[in-house]
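Colleague: Questions regarding the structure given below will be posed in turn.
The values are calculated or read from the model by the stated rules, or taken from the named source; none is laboratory data. Worth saying up front: this structure is predicted, and the values here are computed from it rather than measured. A quick note on method: Cβ atoms are made from the backbone with ideal geometry, for glycine too, and the neighbour counts reach across all protein chains shown. Heavy atoms of the whole protein, side chains included, go into the accessibility calculation; ligands, DNA and RNA do not. Shrake-Rupley method; radii C 1.70, N 1.55, O 1.52, S 1.80 Å.
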Amino acid sequence: MSERMVFTNLWQIDELSKAAIDDLSFGELESNPRGYFRLLSCPLCSDQLAAAITVGEPIGDYKQLDWLYHSVQTNIYLLLDSYNLEEDGLVSLPEGKQSRYLYYVAADALFHSIVASAKKFLDRGQHLIEKYHGKESERYRHWKSITSNAYDSSLVYALMYDLRNKTEHDFWTISLVNIDEINQKAGLAINIDNDLMNLGLKQGLIERLKNWASMRTGEEKTAWLSLGKCVKTYQSMIQTLYLICLDALIEVIEKRIEEHRLTLESMPGNFIVWSGKGVLSHSATGQTRVYHTPDVKIIESMKQIQNYNIISKLYLSKDNDSLP
């Protein structure tokens, strides 16, 4: 059974810039449990369409960035929770060769999911700050300063950052180290002495890794980085960058809402419906497409999320003072 309408993602509202005004109408999804959708007879005017796109575009970009951010955090929580992973990297091993092998493979897969999702989030975050504020803005310079300083000062961040361009071609980054067969314990770690030198990392990072390994060897310790420490450090850094992006988008959205508030509030319903031949550029079957109208109250929820993450970050960061 095919749907008669396609409810689009919030970040797709810019598609309406190619719609003919006569092909658009308002729709309303009632907030009752049955969620009955109905078309309204009120036609759109050009001012309403322009306001919906102008305000809806940064809201959609925020929603997409928020989705990507929570994708990273979900992957991190999955790894930490699945392995009861703390900063020392120690884990309990299952019995049996095959079970242990799959346990190890799953950890490696989750780690690469973190690296891949973080790459998408970081690229998108930088793009949005550049898009809405420009490369010459203080906000963009602040972003570059934070990421550059993190790369230079934290071996963990530098390694995770460089791995994002390598792990799509090469896996086996994680190792089980210091295996204790008697107590069925081991360290889940990024082992510098294993395959890490063969991934084509930047030369400067390779030298830093060698220095770290030499220091560990001098202290009669294995040359590895605890996976728990790496992931928790990266988690804190990703949250910092999310807050920078969130603040930048709040400024843009708040300004645009105020500029178009009266027009937005004049819109009936809560959706714009696009039907006609024009939708064929986005739908192979020409299905009617439905777009969310901008919510003028979204700033309140964004600021609540901002405050929550600031408080959460204080707890995440308090144990990360001794980063390698």
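Colleague: For a Förster distance of 30 Å, can you work out the FRET efficiency between the beta-carbons of residue 300 and residue 266, rounded to the nearest 0.05? Please list the in-between numbers first.
Modeller: Working: r = 21 Å, r/R0 = 0.69.
After rounding, the FRET efficiency stands at 0.90.
Colleague: A further question follows. In nanometres, what is the gap between the two model label sites at residue 45 and residue 81, each 7 Å from Cα along Cα-to-Cβ?
Modeller: Spacing of the two 7 Å Cα→Cβ label points: 5.0 nm.
Colleague: In addition: Tell me the label-point distance for the pair residue 135, residue 97, using the 7 Å Cα-to-Cβ offset, in nm and rounded to one decimal.
Modeller: My value for the distance between the label points is 5.6 nm.
Colleague: Can you list residues from other chains, or at least 5 along the same chain, whose modelled amide H is less than 5 Å from the amide H of residue 269?
Modeller: none
Colleague: Follow-up. Using the per-residue mean of other Cβ atoms lying within 10 Å as a proxy for protection, in what order, highest first, do the peptides 97-105, 67-75 fall?
Modeller: Descending mean neighbour count gives 67-75, 97-105.
Colleague: Related question: Quick one: accessible area per residue over region 20-116, 1.4 Å probe, rounded to a whole number of Å²?
Modeller: Numbers: 5140 Å² over 97 residues.
I get 53 Å² per residue for region 20-116.
Colleague: Now for a separate question. List the extent of the Cα atoms of region 57-136 along each of their three principal axes, largest first, rounded to whole Å.
Modeller: 56, 22, 16
Colleague: Give me the distance between the Cα centres of region 32-91 and region 270-294, rounded to whole Å.
Modeller: Answer, in whole Å: 20.
Colleague: Starting from the 7 Å offset along Cα-to-Cβ, what nm value, one decimal, do you get for the label separation of residue 142 and residue 67?
Modeller: Once both label points are built, they end up 2.7 nm from each other.
Colleague: Going by amide H atoms built from the backbone, whose H comes under 5 Å of the H on residue 6, apart from near neighbours?
Modeller: When sequence neighbours closer than 5 places are left aside, the close amide H contacts are 288, 289, 290.
Colleague: Of the listed peptides 109-121, 12-24, what is their order by residue-averaged count of other C-beta atoms within 10 Å, with the highest listed first?
Modeller: The peptides rank, most packed first, as 109-121, 12-24.
Colleague: Using only DSSP helix segments of four residues or longer, with each worth -39500 (n - 2.57), what per-residue ellipticity at 222 nm results for the chain after dividing by its residue count and rounding to 500?
Modeller: Rounded to the nearest 500, the figure is -19000 deg cm²/dmol.
Colleague: Assuming 0.692 mPa s and 37 °C, estimate D for region 23-157 with Stokes-Einstein, Rh taken as the Kirkwood radius over Cα pairs, in µm²/s.
Modeller: Translational D for this selection: 168 µm²/s.
Colleague: In nm, what is the difference between 0.36 nm times the number of residues separating residue 165 and residue 17 and their Cα-Cα distance?
Modeller: That works out to 49.8 nm of additional length.
Colleague: Students often get this wrong, so check it: of 210/232; 144/232; 119/229, which have C-alpha atoms separated by over 26 Å?
Modeller: Values: 210/232 22 Å; 144/232 22 Å; 119/229 19 Å.
Result: no pair exceeds 26 Å.
Colleague: Hey, any idea what % of the chain's accessible area is carbon plus sulfur with a 1.4 Å probe?
Modeller: C and S fraction of accessible area: 51 percent.
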